[in-house]
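These notes concern the structure reproduced below.
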Amino acid sequence: MPRIVREADVVWEGNVARGAGRISAATSGAFADLGFSLPTRIGAAEGKTSPEELLAAAHGGCYAMSLANELSSAGTPADRLSVRCTVTMDEVEGRGHQIVLSAIVARGVVPGADREGFAKAAVDADEGCPFSILIRAGATVSVDATLEEE
């Protein structure tokens, strides 16, 4: 696989308490001017995003691709994978606020796969997912994967 480089642009105006920012996908243009602020980061989202939500989306997307690859490599490609990733930031004594958990819940419809094979693919997907590896360097990653009936 070639080296992958992607960019995002962020503009922040004002102080942290009353300011606001905008995030745009610089490389792809897939999204532009997603708003975020401290009040919407720690309280109700009010239609705005946060760095934690973007991390959850990135981790969930990366894990889904990794699981799809593991299942295909095992000869049981998925018909459908559904992944929810929940990122938790909390106060860590002496270190301030830190990402402490990224929890993956995956459900798959995979013709020909058995529960044991699906469970192995789920573990291997986590171990090979670049975002799981990155997050695990400073936080916990959990995976709950279930094979659903066709």
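A short reminder: the numbers here are calculations on the coordinates, not readings from a lab. Just so it is clear, the structure is predicted and the values come from calculations on it, not from any experiment. Cβ sites come from the backbone with ideal geometry, for glycine too, and all protein chains shown count toward neighbours.
For helix 115-128, report the angle its Cα long axis makes with the longest principal axis of the Cα atoms of the chain; keep it between 0 and 90° and round to the nearest 10°. Roughly 40 degrees between the two axes.
What the phi angles of segment 4-13 give under the Karplus curve with 6.51, -1.76 and 1.60, with θ = phi - 60°, is a coupling list of 10, 10, 10, 10, 10, 10, 10, 10, 10, 10 Hz, glycine and proline written as x. Using C-alpha pairs below 8 Å separated by at least 6 residues, the relative contact order for the chain is 18 percent. Here, segment 51-148 yields an orientationally averaged convex hull projection of 5.9 nm² when only Cα atoms define the hull. Highest-first packing order for the peptide set 38-49, 117-128 is 117-128, 38-49, based on the mean count of other beta carbon atoms within 10 Å.
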